[in-house]
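See structure below.
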Amino acid sequence: MRRDVFQAIADPVRRDIITLLAEEPLTVNAVAEKFKVSRPAVSKHLKILKECEIIAIRKQGRERFCEIQPKNLIPAFLWIGQYQKLWEDKLDSFENYLMQLQTKKTENE
């Protein structure tokens, strides 16, 4: 099964793993200790992230370290980025509406 970056970020646990690994590489066990889900569940999430090439797992002695591969998040960043102006415009419009309400309230007092 071919996976992509959007499948990687679709799950909140995987997004949390990405956030953790963005700070520093961690062993598989260190990642698992950060979550209240079972170790096999964390291993499955790590496998999906590896298949999507969001993380790499390298062996160092007896440990396996997970490292973020940030360049592979670029497609998701670009896709989300196209909606930035849309949301900024909507938030600006909402802010203007709230300011109008506040002005009317002040005038009526």
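The values are calculated or read from the model by the stated rules, or taken from the named source; none is laboratory data. Please read these numbers as outputs of a predicted model, since none were measured by experiment. In this analysis, Cβ positions are derived from the backbone assuming ideal geometry, glycine residues included, and neighbour counts consider all displayed protein chains. Protein only, heavy atoms only, side chains kept; ligands, DNA and RNA dropped before computing areas. Shrake-Rupley method; radii C 1.70, N 1.55, O 1.52, S 1.80 Å.
Of note:
- The chain, dipole about Cα centre (Lys/Arg Cβ +1, Asp/Glu Cβ -1), debye to the nearest 20: 860 debye
- Across the options 29, 72, 57, the greatest Cα extent toward the positive end of the charge dipole of region 27-74 (unit charges at beta carbon of Lys, Arg, Asp, Glu) belongs to 29.
- Volume per residue of the convex hull around the Cα atoms, evaluated for region 50-109, comes out as 116 Å³.
- Where both bridge residues fall in the chain, DSSP classifies roughly 100% of the beta bridges as antiparallel.
- Over the chain: helical MRE at 222 nm, DSSP H runs n ≥ 4 each giving -39500 (n - 2.57), nearest 500: -19500 deg cm²/dmol
- In Å², nearest 10: area of residue 43 left accessible to a 1.4 Å probe: 60 Å²
- Evaluated on the chain, the Kirkwood hydrodynamic radius is 16.5 Å, with distances taken between all distinct Cα atoms.
- Sparse-neighbourhood loop sites, chymotrypsin sites (Phe, Trp or Tyr not before Pro) in region 23-109 - DSSP loop, at most 12 other Cβ within 10 angstrom: 83
- Over region 25-109, relative contact order from alpha-carbon pairs under 8 Å, at least 6 apart, %: 23 percent
- Solvent-accessible area per residue in region 1-81 equals 67 Å², computed with a 1.4 angstrom probe and all protein chains kept.
- Residue of 71, 85, 59 that the Gaussian network model of the chain assigns the largest fluctuation, springs spanning Cα pairs under 10 Å: 85
- Ranked packing of 12-18, 47-53, most packed first, by mean Cβ within 10 Å: 47-53, 12-18
- Overall, the accessible surface of region 7-109 at a probe of 1.4 angstrom is composed of carbon and sulfur to the extent of 55 percent.
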